[in-house]
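The values are calculated or read from the model by the stated rules, or taken from the named source; none is laboratory data. In this text the structure is predicted, and so the values were computed from the model without any measurement. Cβ coordinates were reconstructed from backbone atoms using ideal geometry, including for glycine residues, and neighbour counts include every protein chain displayed. Accessible surface is based on the protein model in full, side chains and every heavy atom, while ligands, DNA and RNA are left aside. Shrake-Rupley method; radii C 1.70, N 1.55, O 1.52, S 1.80 Å.
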Amino acid sequence: MHGMPSPEICDRARIAHDPRFDGLFFIAVRSTGIYCRPVCPAPTAKRKNVVFMPTAAAAVAAGYRPCLRCRPELSPEAYARIGEETVQRALELIAEGALQDGSVEDLAQRVGVSSRQLRRLFLARTGATPIVVHSTRRMLLAKQLLTETSLPVTQIALASGFNSLRRFNAAFLEGCGMAPTAIRRQNANAPAGALTLRFGYRPPFDFPLMLAFLAKRAIPGIERVSADSYERVVGSPDAPTLIHVSADPKRPEVLLRIEGPDPRAIPDIVRRVRRVFDLDADLRAVHAVLRAEPQLAQAIKKRPGLRVPGGWDGFELAVRAVLGQQVSVAGATTLARRLVEAYGEPCKGAPAGLDRVFPAPERLVGAPLELLGLPKTRAATLRSLARAVAEGRIDFGAGQKLDDFIERFTALPGIGPWTAQYVAMRALSQPDAFPAGDLVLQQVLGGATTGDGSRLSERATAARAENWRPWRAYAVLQLWHLAGDHAVERSERRKRERVVR
């Protein structure tokens with residue numbers, strides 16, 4: 001299968017229990033009928049009894065059941081390595097729930113192929129059909145909720161997309177080889193109250209660096225970022241849900257605590273957390289491409305665990321990006337706070353500091369945003385953005401082509417290529433988004449090229465980045481941090497020079 005390591009590499013990784021390969025393949029053991037992660041602590045099976053599978057869905061399609069010890073539901077996903085745009089877009093739509101109520105035919109139409117062609121592509125790239133991929137995702141989420149929470153089975157069925165407990169029980173028995181109640185009995189000591197779920201990632205991951213980036217851009221009233229955690233309020237003002245994200249200090253896992261959720265909202269919350277923290281990134285693949293550039297090799301050596309921070313909500317991030325046009329990060333945060341205070345809806349029963357939801361597009365369509373201190377042109381841009389989203393002309397959903405989104409988004413007044421690429425990078429998690437007009441990128445690349453501190457043109461910057469595809473967004477983050485290092489070095493040098501004088 002495309003993107004899966006060779007059998008020799010898979011075998012070495014499973015023997016070493018290497019977490020860097022977690023989710024990149026699964027180990028199906030013929031003698032037990034069970035599939036495992038490369039990090040499984042169980043005794044290593046004989047090579048003759050092992051088949052390597054590209055995805056959990058492929059293992060399920062071949063008739064294998066998930067291991068109860070290593071728990072495949074904790075694995076980061078590897079679909080970003082599929083290497084085929086149509087399949088990649090379809091997978092993103094499936095993760096967003098496209099097959100929950102829709103058909104494979106509808107999904108195929110959305111990505112521009114026939115349903116027969118889509119099934120063929122899925123089998124070639126993932127080892128399973130779209131339906132099996134969808135059902136495997138549901139079953140693994142259900143298994144995690146049964147294992148780690150005290151939610152009633154009926155609510156877990158709802159969270160997994162089943163409106164019938166009977167259908168849920170039958171599907172779970174078929175997919176996992178045991179009844180949901182049997183899993184629950186094995187984990188009867190799950191804590192009551194708030195839900196806490198675990199999510200694996202492939203090392204390295206610089207979680208403090210991710211938090212530092214999010215902290216500078218956090219919107220007061222909606223988000224709160226400390227030195228070791230991220231919190232925000234989500235959902236409706238009448239029934240808000242609080243989430244808390246932290247890192248496990250002992251294992252390559254992120255912990256998500258959810259307070260007060262509607263069970264049906266759990267899959268969406270999980271999907272958004274994985275996106276915000278870029279948990280499914282395979283930095284080995286990213287760095288293999290980017291290290292060919294000396295500047296990026298230098299940056300990666302200093303920050304090997306740097307990932308691309310996502311955005312919780314596309315409209316929220318797009319508004320934040322427009323507010324940040326031609327002002328500092330701190331200035332944009334001040335404007336965002338004013339916007340939320342003026343138009344964000346208060347949440348009932350939420351703690352102080354996390355007691356607002358971001359205003360819906362409809363609330364901003366005719367709002368006098370100039371009163372917040374915005375220039376007239378930027379206020380007009382926000383209103384036209386809100387109108388386009390409210391009318392469905394712009395959306396931030398999964399499965400979009402990068403170029404198509406950029407074309408639609410830049411058609412709005414006041415939205416240039418930089419804003420569109422930035423939004424694509426963070427709101428759509430497009431790994432190849434690249435704001436070539438960014439002055440910082442032009443300066444840091446130009447300084448290395450010319451040696452005199454001059455900056456590259458936008459065209460030259462874009463040309464320089466061609467060899468970094470399809471991971472240009474990761475290059476952006478590395479170069480931004482590298483530019484910050486240079487600024488600190490220049491400041492320290494000036495301080496030393498003043499002392500000498």
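Available extension along the chain between Asp404 and Lys250 is 51.2 nm, counting 0.36 nm per residue and deducting the alpha carbon span. Charge dipole (Cα centre; +1 on Lys/Arg Cβ, -1 on Asp/Glu Cβ; no other charges) of segment 20-152 amounts to roughly 780 debye. What does the net charge come to around Gly344 if you take all other residues with beta carbon closer than 11 Å to its beta carbon, with K and R at +1 and D and E at -1? With Lys, Arg at +1 and Asp, Glu at -1, the neighbours total 0. Peptides 413-425, 247-259 ranked from most to least packed give 413-425, 247-259, packing being the mean of other C-beta atoms within 10 angstrom over each peptide's residues. Ordered by solvent-accessible area of protein heavy atoms (1.4 Å probe), largest first, the residues Thr377, Thr126 come out as Thr377, Thr126.
The chymotrypsin sites (Phe, Trp or Tyr not before Pro) of segment 291-349 include none that DSSP puts in a loop with a beta carbon having at most 15 other beta carbons within 10 Å. Remark: spin-label model distance Asn467-Ser150 equals 5.8 nm, labels positioned 7 Å along the Cα→Cβ axis.
Starting from the exponent 0.38 and prefactor 2.2 Å, build the expected Rg for segment 292-394 from its residue count and divide its actual Cα Rg by it.
On the way: Rg = 17.1 Å, N = 103, 2.2 N^0.38 = 12.8 Å.
Scaled against compact globular proteins, the figure is 1.34.
Helices of the chain meeting both criteria, an alpha-carbon length of 24 angstrom or more along the long axis and an average Kyte-Doolittle score not below -1.0, with helices taken as full DSSP H segments, are 130-148, 472-500. Based on alpha-carbon atoms, the Kirkwood radius and the radius of gyration of segment 130-234 give Rg/Rh equal to 1.08. Kirkwood's formula applied to the C-alpha pairs of segment 195-274 gives a hydrodynamic radius of 13.3 angstrom.
Debye-formula intensities of segment 307-365, expressed as log10 I(q)/I(0) at q = 0.18, 0.19, 0.22, 0.29 Å⁻¹, are -0.70, -0.77, -0.98, -1.28 (one equal scatterer per alpha-carbon, no solvent). Under Stokes-Einstein, with the Kirkwood radius over Cα pairs as Rh, the value for segment 378-479 at 10 °C and 1.306 mPa s is 110 µm²/s. Its relative contact order, with pairs defined as Cα atoms under 8 Å and 6+ residues apart, puts the chain at 11 percent. Other residues with beta-carbon under 10 Å from the beta-carbon of Gly175 carry, at +1 per Lys or Arg and -1 per Asp or Glu, a net charge of +2. Normalising by the residue count of segment 268-427, find the relative contact order in percent from Cα pairs under 8 Å and 6+ residues apart. Worked out over segment 268-427, it gives 23 percent.
In terms of its alpha-carbon gyration tensor, the chain comes out prolate; a/c meets the 1.5 threshold, and the first ratio a/b outweighs b/c. Annotation: cysteines of the chain without a disulfide-compatible partner (Cβ-Cβ under 4.7 angstrom) are Cys10, Cys176, Cys347. Basic side chains Lys and Arg get +1 at the Cβ, acidic Asp and Glu get -1 at the Cβ, and with that the dipole of the chain about its Cα centre reaches some 1160 debye. Lys and Arg at +1, Asp and Glu at -1: add these up for the other residues within a Cβ distance under 11 Å of Ala473 and post the number. Once positives and negatives cancel, what remains is +2.
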